Every structure is written in structure tokens, then in C-alpha cells.
Amino acid sequence: MIPQTEQEPRPAAEPDGGDAITVAGVSKSFGPVRALRDVDFSVRRGEIFGLLGPNGAGKTTLVEILEGHGVPDQGSVRVLGLDPRKAGARLRDRLGIVPQQASFELYLTVREHLLAFGGYYRSSLPVDELIDLVGLGEKRRSLVGRLSGGQQRRLDLALALVGDPDIIFLDEPTTGFDVEARDRAWRVVEALRAAGKTIVLTTHNMDEAQKLVDRVAVLYDGSPAAIGTPAELLADQGSRIGFRAGAITPADLPGGLAPLARSEGDRIVLVAQDAAEALHELTGWARANDHTLPDLDVSRPDIEDLYLSIVGAQTTRRETAPTAPTGAHTTE
Ligand SMILES: Nc1ncnc2c1ncn2[C@@H]1O[C@H](COP(=O)(O)OP(=O)(O)OP(=O)(O)O)[C@@H](O)[C@H]1O
């Protein structure tokens, strides 16, 4: 699915113990704000590594350091075995970056824009295949300035891929996408992984994280509060109990359950370590108060449950879950 390069292969990656990225003891402050606090982790070659965290948790600061745009106050990073501040074009050629806000040459067509960008790289992917890959086939000859917001984001993705990078940084890549475009983008990301690319995916979209990541770090107040595969991180999260809320709010639940519960769409969801105990308390309360708990089910927690257990939010909507890094409860 991913097109092959047309030109000569690039030099082999430097050995770095199988890791594409290593972050060792990185701290970074902006005046009194400690954006990153002694961060340690690695990203393996060929994996999709998710970076989650509420607004202000330090994700952008960290990614900027990895891209060579920021300098840590303490600690060091290696990207493909290289120091991103010193490696220059040797590394730049191998990184694909999809920023949240891209700037475009609005007077070029989609195709011309990609051809122009591809010219900056030692080798580039065939642009027509790339255009098809991101679903812009019908807009091939349209001026970039005429694209919709979602179409410009697809162009962002194509621009990040045109140099056939080894590592791709995706910053909320599907924000503003309709469902079809989002599904297509997810398939593209999966195809990139299948082609051996390493992907660092920053997202507030828990469905996106659940669907795509191999491993994930949840940053909270500048430090990773959890790092691992979703399965590892969810292993000790207990069980998720849900039912259709009707007129019930989380605060109506009995004392032991209310702090665990949140609204999720038209349901109330709670994650409990001891499902039998929680169900006993819930059903006893429901019977005593004439509630029928419609559509009651018990399932395994997901990444959103993990995320919320870390950031402390009580109410959320799926698809968007950015919350303040204060541990305060939100009331969206
Ligand atoms: N250039 C800067 N000058 C001053 N403070 C900064 C600067 N860049 C980031 N910060 C602060 O550092 C902290 C981390 O910011 P960062 O942008 O890395 O968070 P984030 O996790 O990417 O947030 P978001 O999800 O909102 O993009 C925040 O408190 C932010 O205000």
C-alpha cells in the first residue's frame, strides 16, 4: 500500500539497541513552568507510540525536542541514534512531521505542492500514489487554497510522508476529519506501521489511541504517569460497568460508587477493581430505589478509562477528552 521510493536507498539507520527514539532524564522549564520533569522512555522501531495527556502536560514540548526544535535543560534524546540538534539534514530527511497547524503554498495545486516538497528530500515517494493514499485523488489539480480544512489536514499527512521518512510524528492527525476521512487516515497509519515505519502519535482522541497504538505514554504534569502496551496498562484496571443513565447522574450513586462513576454519552460508566462488590452495591441500590439499570453490562476497561483514572476527570465524551492537568473534575 505504501509506494516504494523512486531513487536510491538511504544509508542504514544507526544502531541504537532496536530503539528509534530514546529519551533519558529530560527536563525542560519555561521560566517558572516545569513543562517536562525527568522524562525517560524509548520508542521501538516499527511501533506506533501514543503520547496522551491533558492540555499543558508537555507533549508538544517533548515532540519539539525530538524534532530538534527544542533543547532540554537536562537529559538527552537520541532519534535514530542521532542528536536531533546536531544531526541536521542527516536526520531531517528521515523524519516526517504533521504539525497541528501547517502553512501551505496556497497558489499551488495539491500535486505541485507535493512535488515541490518532495524536491527537498534525497528521495521522495511518487506523489500521485501518495495523493491517492490520503484520499485526495479528486483534488489532485485543485489549488491548495481551495481545500476544506479536513482536506488540508490530509495534505499535511501527504507532506509528512513525501520524503519517505523512517519516523513520522503525527500531532492530532484526524482533528476536523469526517468519519470516512478519519477511517482512511487510520488505515494509512496502519499501513505505515506495516511498512516498518515508526510513528509517534499525539492525540486527545481516545478511540484513535485505542485503535492504533502499540504502546502509549500518558504524560501528566510533565512526567509519564503510565507507559506500556494497552494490555499491560489495562491489566490491573479492574472492570468497567455501564448502564443507560436515564435521569440518574453519577452523584446519585451510593457512596462507594459515586467517585468511580462518570457520564459517557447517555450512559453512566464506572471502573471498579472488584466487579462483584460493585455490582452488589449497584444492584442493591437500584432495587431499593426502583431503578432498572437498563442495558447494564460489564466489560474490560479501555484506554480512555485508564486515561481518566490518571487525569482524574469524571465526565467525558468519547472522541474528545482533553482536560486540565489539575486533577479537577470536568463537567462538559
Ligand atoms: N514557549 C513557551 N513559553 C512558555 N511556556 C511554554 C512554552 N511552551 C510551552 N509552555 C508551557 O509548558 C507547558 C507544557 O506545554 P505543551 O505545549 O508541551 O503541552 P501539551 O501537552 O502539548 O498541551 P496541548 O495538549 O494543549 O497541546 C504548558 O504549561 C505551557 O504553557
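The values are calculated or read from the model by the stated rules, or taken from the named source; none is laboratory data. Note that this is a predicted model, so its numbers are computed, not measured. Positions of Cβ are generated from backbone atoms using ideal geometry, with glycine treated the same way; all protein chains shown enter the neighbour counts.
Check Gly68, Gly56, Gly81, Gly75 and return the single one that is modelled with pLDDT of 95 or more and in the same structural domain as Asn205 (by TED's automatic domain parsing).
On the way: Gly68 fails: modelled with pLDDT of 95 or more; Gly56 fails: modelled with pLDDT of 95 or more; Gly81 fails: modelled with pLDDT of 95 or more.
One residue alone meets the criteria, Gly75.
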When restricted to Val98, Val144, Val127, the only residue within 16 Å of the ligand (Cβ to nearest atom) and hydrophobic (A, V, I, L, M, F, W, C) is Val98
With the structure loaded, tell me whether Gly17 is buried (at least 22 other Cβ atoms within 10 Å of the Cβ), at pLDDT below 95 and either more than 29 Å from Gly118 (Cβ to Cβ) or not assigned by TED's automatic domain parsing to the domain that holds Asn205 (or both) or whether it fails that test. no
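Matching residues to (1) outside the structural domain of Phe169 (by TED's automatic domain parsing); (2) surrounded by fewer than 17 Cβ atoms within 10 Å (Cβ to Cβ); (3) in a helix (DSSP H, G or I); (4) in contact with a Pro (Cβ under 8 Å, 6 or more places away or on another chain):
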site: Tyr107; (1), (2), (3), (4): no, yes, no, no
site: Leu114; (1), (2), (3), (4): no, no, yes, no
site: Phe117; (1), (2), (3), (4): no, no, yes, no
site: Tyr120; (1), (2), (3), (4): no, yes, no, no
site: Ser124; (1), (2), (3), (4): no, no, no, no
site: Arg153; (1), (2), (3), (4): no, no, yes, yes
If you go through Arg94, Arg111, Arg122, the only one that is free of Cβ contacts under 8 Å to residues at least 40 places away in the same chain and of a type in the set (Lys, Arg) is Arg111
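Out of all the residues in the stretch 164-181, which are part of a loop (DSSP other than H, G, I, E, B), of a type outside the set (A, V, I, L, M, F, W, C) and at pLDDT below 90?
Here is the first cut: in the stretch 164-181, the ones part of a loop (DSSP other than H, G, I, E, B) are 164-166, 172-178.
Restricting the remaining residues to those that are of a type outside the set (A, V, I, L, M, F, W, C) gives 164-166, 172-176, 178.
Result: Glu172, Pro173, Thr174, Thr175, Gly176, Asp178.
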Here are some residues: Val189, Val200, Val179. Which one is closer than 26 Å to Leu306 by Cα and loosely packed, with under 14 Cβ neighbours inside 10 Å? Val179
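Which one of these is crowded, with 19+ Cβ neighbours inside 10 Å, in contact (Cβ under 8 Å) with a residue 40 or more places away in the chain and over 20 Å from the mean Cα position of the chain (by Cα): Pro72, Pro54?
On the way: Pro54 fails: over 20 Å from the mean Cα position of the chain (by Cα).
Exactly one of Pro72, Pro54 is crowded, with 19+ Cβ neighbours inside 10 Å, in contact (Cβ under 8 Å) with a residue 40 or more places away in the chain and over 20 Å from the mean Cα position of the chain (by Cα), namely Pro72.
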So, in the stretch 182-223, how many residues would count as being under 15 Å from Arg153 (Cβ atoms) and in a strand (DSSP E or B)? 2
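Okay, residues lined up against (1) assigned to a helix (DSSP H, G or I); (2) modelled with pLDDT of 90 or more; (3) not assigned by TED's automatic domain parsing to the domain that holds Leu296:
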site: Ala226; (1), (2), (3): no, yes, yes
site: Ala251; (1), (2), (3): yes, yes, no
site: Gly256; (1), (2), (3): no, no, no
site: Ser263; (1), (2), (3): no, yes, no
site: Leu270; (1), (2), (3): no, yes, no
site: His280; (1), (2), (3): yes, yes, no
Residues that are surrounded by fewer than 13 Cβ atoms within 10 Å (Cβ to Cβ) and not hydrophobic (A, V, I, L, M, F, W, C), drawn from the stretch 260-293: Gly265, Asp266, Gln273, Asp274, Glu277, His280, Gly284, Arg287, Asn289, Asp290, Thr292
